[in-house]
Amino acid sequence: MNKKEFLASLEKHLHRLGEKESDRFIEYYDEMIEDYQEDGYSEQEAVDQVGQPTIIAEGILKEQGIKTVQVPTFGEKATRLSILILGFPLWGSILATVFLLILSVYMVIWCIPLVTGTMTLVGLLGGFWSIIGSPFIFQDGLHVVVTQIGVGILLLGVGLLCGMATVYLTKLFVQMTVQTTKAFMGMFKKEGRENMNVNDLKKQCIKWGIIFTVVGGIVMVIGFGLSGFDLDAYHNNDQNNVFRTINWSKP
């Protein structure tokens, strides 16, 4: 190896230092080779006295606090590949088991916001439909109308509360899922950001959910009281009324 090849190889291995630092070390070893030549060494002998550029670069990088990556040889790569292939029935089955286990856990916990979300949809739609349809059943008595309005308001309150629970649980489980996945992959990074407008909306939904639930329960009890707390007063054999939203008939 002549001086030009030596310096080119050294520059290649020192590229992570930056151009300024790299040039400083290259200039230093260039002068060192020239000093050996002035002492009577040939260019080849002077380069041999300095040493191997890869070893020199590795020492410089360690001194500068930069980790070096050792590139495996072709034989090492072939050996690792053979071990991976031969061991696939073992590590492949273990990896598949772990993956399926984590997936099953995710599926189980995500059933919780799915249930609360379904209750939200049922509560809101059922509440609106019950309130809207209540004027069409005056023929069944005032107590039925009032009770049905109370049930509708109650359902709206329950729907709002379940909606807030769904939002909270969804956010919680999304964070848990992302963080657990990143931790499992060795790339955990926690990030969080809150929005005041969203928080205000949450507070309003919770407040009105509680109000609707309480008021709906009170109105429902009042309606039931108008009937003299008699379940027979809600019995109606007319099943052809398309405006009836709650079937109060006895089974």
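The values are calculated or read from the model by the stated rules, or taken from the named source; none is laboratory data. All of these numbers come straight from a predicted model, not from anything done at the bench. No Cβ is skipped: glycine too gets one built from the backbone with ideal geometry, and neighbour counts run over all protein chains shown.
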May I ask you to verify whether Val178 is at pLDDT 85 or above and over 19 Å from Phe224 (Cα atoms)?
-> no
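If the requirement is being assigned to a helix (DSSP H, G or I), of a type outside the set (Phe, Trp, Tyr) and touching a residue at least 24 places away in the same chain (Cβ under 8 Å), which of these qualifies: Ala57, Ala78, Ala96?
That would be Ala57, the only listed residue that is assigned to a helix (DSSP H, G or I), of a type outside the set (Phe, Trp, Tyr) and touching a residue at least 24 places away in the same chain (Cβ under 8 Å).
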Give the stretch 60-75 a look and list any residue that's modelled with pLDDT of 80 or more and within 11 Å of Leu14 (Cβ to Cβ), or say none.
-> Ile60, Leu61
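Is it the case, given these coordinates, that Leu124 is in contact with a Gly (Cβ under 9 Å, 6 or more places away or on another chain), in the same structural domain as Gly217 (by TED's automatic domain parsing) and under 30 Å from Lys171 (Cβ atoms)? Quick ask: steps written out before the conclusion?
On the way: in contact with a Gly (Cβ under 9 Å, 6 or more places away or on another chain): yes; in the same structural domain as Gly217 (by TED's automatic domain parsing): yes; under 30 Å from Lys171 (Cβ atoms): yes.
Yes.
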Failed item in (1) farther than 30 Å from Val98 by Cβ; (2) surrounded by 13 or more Cβ atoms within 10 Å (Cβ to Cβ); (3) modelled with pLDDT under 75; (4) among the β-branched types (Val, Ile, Thr), with Val198 passing the rest | (2)
